[in-house]
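The values are calculated or read from the model by the stated rules, or taken from the named source; none is laboratory data. Everything quoted here is computed from the prediction, not taken from an experiment. When we count neighbours, we look across all protein chains shown, and the Cβ atoms used for this are built from the backbone with ideal geometry, even at glycine.
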Amino acid sequence: MLNLLWVLLASYAVGMLLPLCPWQPKTQGLAASVCAIVATCSGIALGLFGLTAPEPFTTSIASTIPLLTFAIRLDALASFFVLTISLVGLAASIYAIGYVRHFHGRVSVAALGSFFNGFLLSMILVVLADNGFFFLIVWELMSLTSYFLVVTEHEKADVRYAGFFYLIMTHVGTAFIILTFLLFFQQSGSFSFEAFRHPEHPLPEGLRTFAFLAALVGFGTKAGIVPLHVWLPYAHPAAPSHISALMSGVMIKMAIYGLLRVLFDFLGGEFPWWWGFTVLVIGAVSAWLGVMYALMEHDLKSLLAYHSVENIGIILLGIGAGMIFQSYGLQELAALGLVAGLYHTINHAMFKALLFLGAGSLLYATHTRNMEEYGGLLRRMPWTGLFFLIGAVSIAALPPTNGFVSEWLIFQSLFLSFQVPSLIVKLMLPLAAAMLALTAVLALACFAKAFGISFLALPRSSHARHAEEVPWSMRLGMGFLAAICVFLGLAPMVVVPLLDRVTASMTGTSIAEKMLALDGWALAPVNVEFSSLSSPVLAFVLVGAAALGLVLVALFGGFRAKRYSKTWGCGLTLSPRMEYTATGFVQPIKRVFSTIYQPTVKLETELLEESRYFAKRRRFEFHIEPLFEKYLYKPVVAAVYRLADRLRIVQAGSLHLYLAYMFVTLVVLLLFAL
């Protein structure tokens, strides 16, 4: 394992330096991608070895900086996230070979390739770090490299604003993470994670709760939970698409890793039931509101960004249920909730990265992210359409895809709440399941819109009419993720035992044998008598039914005479103006949930001079009120501006006054020291 680790670190390091050589942009981009491909392949092998290893792998290098040790620990939890990062990173690296041509002559391909490798390396080190000080350093490196990648096209004002907004939000989260680690340091006297696990004096109950809330806010900001999600629809669309795939697919999962590390490792998995209930409620609200706002988006990458909020909420539903069961001593059900949450973590990483790469392919071919200017792209980009369809079906949780399997497991863990002695929990977990069901239905509607408006019907712009299929490397990157999505959906008998190794280290209970029935061909939520699912059999039935339908059509319809004619259009010639638009598709949902959306609709009509009964042109505007920005963030920003304006009096420009400030500060510090 040590050799694999050295290959991984060396490849990323070379990938950060090699593109900076004074070569042609094409060579710089290729060098960055090749180094990342070597590193991510090493990461895949390292993650698989770590998941199957009997003991965690540890190594460390001493530092001359006090409290800092470059300590690395590859346990089951870290191995799972190393594997997830590397799988998405490999697809993004292959995809980037063709995609970065999009930036030749406009941005520095050398800087893009260097930061790309640095970003992947920083995420790997985040999950491997075994020292709090070291963790915070690489966490900050992850935030800074992702910021520089977001502002790749910094000449655009909206990109600069998106990067600035992201930078502020990520550092607010980092401040709370630092506070969490300082609480553990206060009790253990060291920044070593091993000292956090076994402190000299355990944290008092009040400080444990404070550490939980600080970790939830700190990591929740990076994850994008509601109401800390506001940076996602700005940063993800602004970044290059293969970077968006990494940010949405794996970077926000670093927050899930951090939260699990704090709750089940540093705090030992011991907490009151209301901690899990809090995570559950946040997850349900994030899932529902995320998909609600995604439905109203016509910018494809913004739509996908809001779906990241939704899926983080779904992951937290599984984790929250596991925490509740853990607090009542139901270890097997706790392990089930965590397995479901982790299963959806890797599933979301795969299909969301696939969808962002698909969106990048559409942007590459049409030079726009607006779905209203797409249409008819399936005929022109069949491979991109196929891969995007696989991702859309997976995120909509249709059987037998990977999204269906993990969401089914989350449903089962929520329905098993009848075993909890608390009445309120027995009532609330099924309500969370109902919220998840509503979310799933809305997600299906959203991706019916995204795929249908983008790929079907007639082209609605010259960009769509002249679109061509993307280069082979971009198709290969998407195809790799599409294949993994299919595998994760059809082979839970392979995935569950690996996830069980992760959850067993957190709950102390192994449930893989109880979850796999019929020699692994069926999946059960601990007890097969409660319910069971066989995704291979389900896939066989669905494919068989479709094949049977095609055979029957060929047999009974093939002998009849065929006649081709244009679709009847009420005597009119059909044109793209008659198609369903993205706005029209979601109009009924917008009306039903108008209280939440608070839409602003503006319709201006210019009439003909000859007659007031005929319109010359109409102009339609539709705007969704950003509630959290309006009622939460803008008042806070305004208050900070007012406070800063009042404090300007301190900056008087007088040297004597500044010296007086320093003198008073020194006196106060001396008094505290005494």
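Just a few scattered comments:
- Filtering segment 577-602 to residues that are in contact with an Asp or Glu (Cβ under 8 Å, 6 or more places away or on another chain) and outside any loop (DSSP other than H, G, I, E, B) leaves ALA582, THR583, TYR597, PRO599, THR600, VAL601, LYS602.
- Among the residues of segment 17-38, those that are surrounded by fewer than 19 Cβ atoms within 10 Å (Cβ to Cβ) and more than 12 Å from ASN117 (Cβ to Cβ) comprise CYS21, PRO22, TRP23, GLN24, LYS26, THR27.
- Listed by first and then second residue, the pairs linking a residue in segment 405-427 that is in the same structural domain as PHE530 (by TED's automatic domain parsing) to a residue that is polar (S, T, N, Q) and modelled with pLDDT of 90 or more, with Cβ atoms under 8 Å apart and 6 or more places separating them unless they lie on different chains, are VAL405/ASN347; SER406/ASN347.
- Residues in segment 619-664 that are under 30 Å from THR581 (Cβ atoms), surrounded by 10 or more Cβ atoms within 10 Å (Cβ to Cβ) and touching a residue at least 12 places away in the same chain (Cβ under 8 Å): PHE620, PHE622, HIS623, ILE624, GLU625, PRO626, LEU627, PHE628, GLU629.
- Test: residue in segment 359-382 that is closer than 20 Å to MET474 by Cα, in a helix (DSSP H, G or I), modelled with pLDDT of 95 or more and within 17 Å of the chain's Cα centre (by Cα): yes
- Subset of segment 39-75 [more than 29 Å from GLY477 (Cα to Cα), of a type in the set (Val, Ile, Thr) and crowded, with 18+ Cβ neighbours inside 10 Å]: THR69, ILE72
- Test: residue in segment 229-239 that is closer than 25 Å to LEU87 by Cβ, in contact with a Phe, Trp or Tyr (Cβ under 8 Å, 6 or more places away or on another chain), of a type in the set (A, V, I, L, M) and in a helix (DSSP H, G or I): yes
- Residue match in segment 515-528 (condition: under 24 Å from the mean Cα position of the chain (by Cα) and under 19 Å from LEU336 (Cβ atoms)): no
- Number of the condition not met by SER510 [criteria: (1) over 30 Å from THR366 (Cβ atoms); (2) more than 28 Å from the chain's Cα centre (by Cα)]: (2)
- Residue match in segment 6-26 (condition: touching a Phe, Trp or Tyr at 6+ places or on another chain (Cβ under 7 Å) and farther than 25 Å from SER146 by Cβ): no
- Pick from segment 22-55, criterion in a loop (DSSP other than H, G, I, E, B) and among the hydrophobic types (A, V, I, L, M, F, W, C), ranking: nearest to VAL109 (Cα to Cα): TRP23
- In segment 92-134, the qualifying residues are those that are of a type in the set (A, V, I, L, M) and not in a helix (DSSP H, G or I), and the one that is farthest from the chain's Cα centre (by Cα) is VAL107.
- Unique match (being surrounded by fewer than 20 Cβ atoms within 10 Å (Cβ to Cβ), more than 22 Å from the chain's Cα centre (by Cα) and of a type outside the set (Gly, Ala, Ser)) among GLU140, GLU205: GLU205
- Exactly one residue among ILE225, ILE312 is outside any helix (DSSP H, G or I) and either crowded, with 24+ Cβ neighbours inside 10 Å or in the same structural domain as ILE453 (by TED's automatic domain parsing) (or both), and that residue is ILE225.
- Residues considered: VAL425, VAL339, VAL420, VAL393. Of these, the only one that is more than 29 Å from ALA448 (Cβ to Cβ) and modelled with pLDDT of 95 or more is VAL339.
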